[in-house]
Each structure stands twice: as structure tokens, then as C-alpha cells.
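What follows is one structure encoded as C-alpha cells, with my remarks underneath.
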Amino acid sequence: MKHHPSCLPAANLPWFSSGILMAMLAVIAPATAAASPADDAETVAALDTEFQAAVKHNDADTINRILADDMILVTGRGKIYTREDHLRAAREQERIYEKQDEEPGTQTVRVRGDTAILTALLWINGTARNGQSFDYKVWFSDTYVRTLGGWKYFFGQASLPLPHDTK
């Protein structure tokens with residue numbers, strides 16, 4: 001039985017399958033091309049520093065750009081904050097920060113493939129909307145994942161506030 005050429009499976013048309021493959025590679029390869037681990041670490045370090053500054057300035061647009069859609073942060077007290085919680089807090093200016101800064105020299109980034117974990121000591125100081133002041137330091141680890149849209153902050157975990165004599 002003879003088939004019309006347009007009814008043949010793509011596997012029988014090497015030009016078709018290789019053409020599709022080449023087109024897919026041309027689109028996907030640049031987006032997934034891995035930089036060196038050192039370059040990735042530098043990118044994630046800068047992104048997390050940008051995120052901390054965005055929180056400090058209640059910059060919801062930057063927070064929105066950096067956070068993964070399903071991001072969560074777990075605190076040392078067991079509270080879980082979602083991406084939406086972060087965005088609402090920034091938009092409503094739940095806190096006015098004087099400091100939301102990593103302590104110099106404490107930031108470390110570890111990269112394995114498409115995952116990076118950043119750890120640093122963060123000093124947080126300011127006033128809540130209800131007038132209550134806060135001033136404490138926490139160690140935190142933020143996990144970033146590489147996506148087709150770039151690195152995204154996916155998961156964070158923070159310690160309990162440290163004693164005030166912690167340097």
C-alpha cells in the first residue's frame with residue numbers, strides 16, 4: 001500500500017526531524033548555556049544583594065522579578081512567608097528599614113549545576129507600621145534555581161534572631 005508523502009511519520013523523514021531538532025537547539029541552547037560556576041556565583045551574589053536592597057526600599061517590582069512564583073521563606077520561628085507575602089509587605093510598607101544589609105564578608109555562594117545556595121549574616125533594623133522598632137541579625141540561606149528566565153529565588157531559610165553581641 002502506497003502512502004502520500006504528507007502522511008508519512010516524521011521519523012521516516014530525516015530532513016524533517018533533524019530540522020526540528022536544529023531549530024529547537026537554536027532556541028534552547030542559548031537560554032540554558034551554563035556559565036562557569038564562578039560566574040554563576042557572582043550573578044547569584046549580585047541578585048541576592050539586589051533582592052535585599054529591594055526589601056529594604058519596599059521595591060515590589062524588583063522583588064516580583066527576582067522571586068520564583070512558588071517561593072517560600074521559612075523563619076527560625078517556623079513562620080512561612082510566600083512570594084505574595086513579600087509583595088504585599090513591600091506594597092503596604094509593613095516595615096520601614098534603616099538596615100536590611102548583609103554584613104560585609106559573610107556572603108558565601110555555593111553552585112551545583114542549576115542550583116545555588118547563598119548564605120550570609122543579615123542585619124535588619126527599622127520600624128514596623130505599628131510603630132514598634134526592630135533591630136536584630138539573622139543568618140540566612142537563600143536557594144536560587146536557574147530557569148529559562150534566569151536565576152530565581154526559590155527557597156529561603158532564616159535563623160532565629162541572634163543575641164545582640166553577635167558580630
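The values are calculated or read from the model by the stated rules, or taken from the named source; none is laboratory data. Quick caveat: nothing in here was measured; it's all calculated off a predicted structure. Neighbour counts are summed over all protein chains in view; Cβ atoms, including those assigned to glycine, are modelled from backbone coordinates with ideal geometry.
Let's see how each residue does on (1) touching a His at 6+ places or on another chain (Cβ under 6 Å); (2) over 14 Å from Gly156 (Cβ atoms); (3) at pLDDT 95 or above; (4) in the same structural domain as Ser133 (by TED's automatic domain parsing):
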{"position": "Ala29", "(1), (2), (3), (4)": "no, yes, no, no"}
{"position": "Thr49", "(1), (2), (3), (4)": "no, yes, yes, yes"}
{"position": "Lys56", "(1), (2), (3), (4)": "no, yes, yes, yes"}
{"position": "Gly76", "(1), (2), (3), (4)": "no, no, yes, yes"}
{"position": "Asp85", "(1), (2), (3), (4)": "no, no, yes, yes"}
Odd one out for Gly150 among (1) within 18 Å of Asp48 (Cα to Cα); (2) surrounded by 17 or more Cβ atoms within 10 Å (Cβ to Cβ): (2)
Strands (runs of 3 or more DSSP E) lying entirely in the range 61-131 (those with 2 or more residues that are in contact (Cβ under 8 Å) with a residue 40 or more places away in the chain): 67-74, 95-102, 108-112, 115-128
Restricting the range 98-137 to residues that are under 30 Å from Leu148 (Cα atoms) and basic (Lys, Arg), the residue that is surrounded by the most Cβ atoms within 10 Å (Cβ to Cβ): Arg110
